[in-house]
Amino acid sequence: MATVKPNFLIAGASKAGTTSLHDYLGQHPDVFMSTFKEPNYFVPGYAYDNWEDYLALFADARGESAVGESSTGYLYCEESPAWIKSVLGCVKIIFILRNPARRAASLYWWMVREGYENAATFDKALELESSRMKSPTFRTTCPQFYPDYLYYATGLYSEQVRRYLETFGEENIRIYIFEEFAKDPHAVCRDIFGFLGVDPDFEPTIAIHNEARIPASARLQYWLRNRARRYLWFLPSALRRKFLLQLMALNTSRGSTPSHDPIVEGRLLERYCEDIRRLEQLLNRDLSLWVDNQAIGSPRSNPAYVPLH
């Protein structure tokens with residue numbers, strides 16, 4: 001049998017509905033999505049780093065015309081676009097972009113839920129970002145993918161998107177806005193199916209994925225993820241992992257839905273205004289929905305932002 005390689009990628013952004021989109025596209029009878037999401041093969045030193053293991057993700061494809069995977073690390077990683085093209089050719093690229101302040105907050109809460117973040121508040125995590133970026137030690141010892149701690153920097157979309165447009169050309173890229181995808185996922189899927197050359201009239205079953213939730217104790221969650229295993233050395237590794245994951249799930253189930261801080265997010269959004277404007281010019285579309293009252297939950301206070309007309 002011929003080796004199957006992906007001919008399209010969902011390449012970001014993180015915490016912008018890519019898990020849902022991965023599921024919806026995979027329901028189409030003529031689309032094959034890798035069962036493992038986030039292989040991130042084209043990100044140096046992260047997740048899958050063996051080519052044969054990566055190809056094995058697509059071994060179960062049975063003649064589907066569209067074969068894809070989802071790795072949100074590709075958007076931020078500078079090396080990814082050229083590397084992808086050199087290996088896979090001019091594949092089709094799909095992005096979903098979200099209000100960057102909301103996305104950053106959502107990423108922080110996910111990191112807390114998964115036990116990777118020990119900053120007590122989102123505001124504190126933003127404060128730590130600069131020192132974390134300057135620290136080679138943090139880069140190599142942090143318990144999760146290093147860019148996931150760059151809550152602000154990974155939301156500077158304009159240059160990240162530009163790299164892909166210059167590498168693959170506009171005709172091979174589709175960019176969607178999360179807030180519009182959330183309102184009408186069928187419309188977005190219909191457009192993507194057409195982009196991929198499969199039946200656009202197929203309607204996937206819509207469901208909620210990765211619902212936001214924080215653990216009852218964030219400190220306990222971090223300890224369970226990063227420290228507890230040393231005290232359970234006497235258990236076989238598989239059993240130890242299963243036990244700790246069950247404890248983390250219990251801690252999460254007793255938690256609550258995170259509440260957004262409109263002051264922190266509003267201040268963060270002001271920092272993004274210039275980049276949002278550059279992104280508008282790059283995409284030739286109005287992104288004022290990211291800075292209106294509904295998008296952030298507080299009155300507009302962004303004099304640096306001038307909407308595209």
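The values are calculated or read from the model by the stated rules, or taken from the named source; none is laboratory data. In this text, all values refer to a predicted model and were calculated from it rather than measured experimentally. When we count neighbours, we look across all protein chains shown, and the Cβ atoms used for this are built from the backbone with ideal geometry, even at glycine. For accessibility, only protein heavy atoms count, side chains too; no ligands or nucleic acids. Shrake-Rupley method; radii C 1.70, N 1.55, O 1.52, S 1.80 Å.
Please identify the DSSP H helices in the chain that span no less than 15 Å along the helix axis (Cα) and have a mean Kyte-Doolittle hydropathy of 0.0 or more.
Within the chain the helices that satisfy the rule are 185-196, 237-253.
Given 0.36 nm per residue, what is the gain on full extension from Thr140 to Glu78 after removing their alpha carbon distance, in nm?
Length gained, Thr140 through Glu78: 20.5 nm.
Considering the options Tyr222, Tyr176, Tyr157, tell which one lies farthest towards the positive end of the dipole of the stretch 153-225, charges being +1 on Lys and Arg and -1 on Asp and Glu at the Cβ, about the Cα centre.
Tyr222
By how many nm would the segment from Arg162 to Asn210 lengthen if fully extended, with 0.36 nm per residue of separation less the alpha-carbon distance?
14.4 nm
Alpha carbon centre of the stretch 57-71 versus the stretch 250-271: separation in Å?
Going from one Cα centre to the other spans 36 Å.
Using a ≥ b ≥ c from the Cα gyration tensor of the chain (square roots of the eigenvalues), is it rounded, prolate or oblate, where a/c under 1.5 gives rounded and otherwise the larger of a/b and b/c decides, a/b for prolate?
Oblate.
Identify which of Pro236, Pro262, Pro200 has the largest mean-square fluctuation in a Gaussian network model of the chain, with springs joining Cα atoms closer than 10 Å.
Greatest mean-square fluctuation among the candidates belongs to Pro236.
Run through every distinct alpha carbon pair of the stretch 79-159 and return the Kirkwood hydrodynamic radius in angstroms, one decimal place.
Numbers: mean 1/r = 0.0701 Å⁻¹.
Evaluated over the stretch 79-159, this radius sits at 14.3 Å.
Just how large is the dipole of the chain about the Cα centre, in debye to the nearest 20, putting +1 at every Lys and Arg Cβ and -1 at every Asp and Glu Cβ? Don't skip to the answer; put the middle values down first.
Details: 35 positive and 37 negative charges, 306 e Å.
Taking the Cα centre of the chain as origin, the dipole is about 1480 debye.
Shape call for the stretch 149-197 from the C-alpha gyration tensor, a ≥ b ≥ c root eigenvalues: rounded (a/c under 1.5), prolate (a/b greater than b/c) or oblate? Can you show the working numbers first?
Values: a/c = 3.45, a/b = 1.28, b/c = 2.71.
Note, shape of the stretch 149-197 comes out oblate.
Of all accessible surface on the stretch 1-113 at a 1.4 Å probe, what whole percent is carbon and sulfur?
Heavy-atom surface of the stretch 1-113 belonging to carbon and sulfur, 1.4 Å probe: 50 percent.
Would you kindly compute the Cα radius of gyration of the stretch 131-287 and its largest Cα-Cα separation (Dmax), both in Å?
20.9, 59
Compute the Cα gyration tensor for the stretch 1-76, then decide on rounded, prolate or oblate, letting a ≥ b ≥ c be the square roots of its eigenvalues: rounded whenever a/c is under 1.5, prolate when a/b is larger than b/c in the other cases, and oblate in all that remain. Present the calculation step by step, with values, prior to reporting the outcome.
Values: a/c = 2.33, a/b = 1.14, b/c = 2.05.
In terms of gyration-tensor shape, oblate.
Among DSSP beta bridges lying fully in the chain, give the percent that are antiparallel, nearest 5.
Given both bridge residues lie in the chain, the antiparallel proportion sits at roughly 5 percent.
Amide H to amide H under 5 Å from Ile177: which residues, 5+ apart in sequence or cross-chain, H placed 1.01 Å off N in plane?
Long-range HN contacts for Ile177: Leu97.
Among Trp110, Leu126, Asn99, whose Cα projects farthest towards the positive end of the dipole of the stretch 95-136, with charges put on the beta-carbon of Lys, Arg (+1) and Asp, Glu (-1)?
The residue sitting farthest along the positive end of the dipole is Asn99.
Dipole of the stretch 129-210, Cα-centred, from +1 at each Lys and Arg C-beta and -1 at each Asp and Glu C-beta, to the nearest 20 debye?
Computed about the Cα centre, the dipole is about 640 debye.
Treating only the Cβ of Lys, Arg, Asp and Glu as charged (+1, +1, -1, -1), what charge dipole size does the stretch 8-89 show about its Cα centre? Round to the nearest 20 debye.
200
Amide H to amide H under 5 Å from Ile93: which residues, 5+ apart in sequence or cross-chain, H placed 1.01 Å off N in plane?
Leu9, Ile173, Arg174
Please give me, ordered by residue number, the chymotrypsin sites (Phe, Trp or Tyr not before Pro) of the stretch 200-296 that lie in loop per DSSP and have at most 12 other Cβ atoms within 10 Å.
Within the stretch 200-296, the qualifying chymotrypsin sites (Phe, Trp or Tyr not before Pro) (loop, at most 12 other Cβ atoms within 10 Å) are Trp233, Phe234.
What number of lysine-lysine pairs in the chain show an alpha-carbon separation below 25 angstrom, given a sequence spacing of 8 or more or placement on distinct chains?
Final tally of qualifying lysine pairs is 15.
At 0.36 nm per residue, minus the direct Cα-Cα distance, what do Asp60 and Arg254 gain on full extension? Give it in nm, one decimal, please.
Working: separation 194, 0.36 × 194 = 69.84 nm, distance 3.80 nm.
This chain segment gains 66.0 nm when fully extended.
Which residue fluctuates most in the GNM of the chain (Cα springs below 10 Å): Ala228, Ala47, Ala66?
With Cα springs under 10 Å in the chain, the top fluctuation among Ala228, Ala47, Ala66 is at Ala228.
Carbon-plus-sulfur fraction of the accessible area of the stretch 163-292, 1.4 Å probe, in percent? Display every interim value, and only then the final one.
Values: 3960 of 7700 Å².
Of the solvent-accessible surface of the stretch 163-292, carbon and sulfur hold 51 percent.
What residues qualify as long-range amide H neighbours of Met33, i.e. H under 5 Å apart, gap of 5 or more or another chain, H built at 1.01 Å from N?
Gly68
Counting other Cβ atoms within 10 Å of each Cβ, which trypsin sites (Lys or Arg not before Pro) in the stretch 28-105 have at most 13 and sit in a DSSP loop?
Working: sites: Lys37, Arg62, Lys85, Lys92, Arg98, Arg102, Arg103; in loops: Lys37, Arg62, Arg98.
Sparse-neighbourhood loop trypsin sites (Lys or Arg not before Pro): Arg62.
Determine the per residue accessible area of the chain with all protein chains present and a 1.4 angstrom probe, expressed in square angstrom.
Result: 49 Å² per residue.
Please check the chain for the longest run free of GluC sites (Glu not before Pro) that are loop-located per DSSP (anything but H, G, I, E, B) and have at most 16 other Cβ atoms within 10 Å. Show your work: numbers first, answer last.
Working: sites that count: Glu78, Glu79, Glu211.
Longest site-free region, per DSSP loop and neighbour criteria: 80-210.
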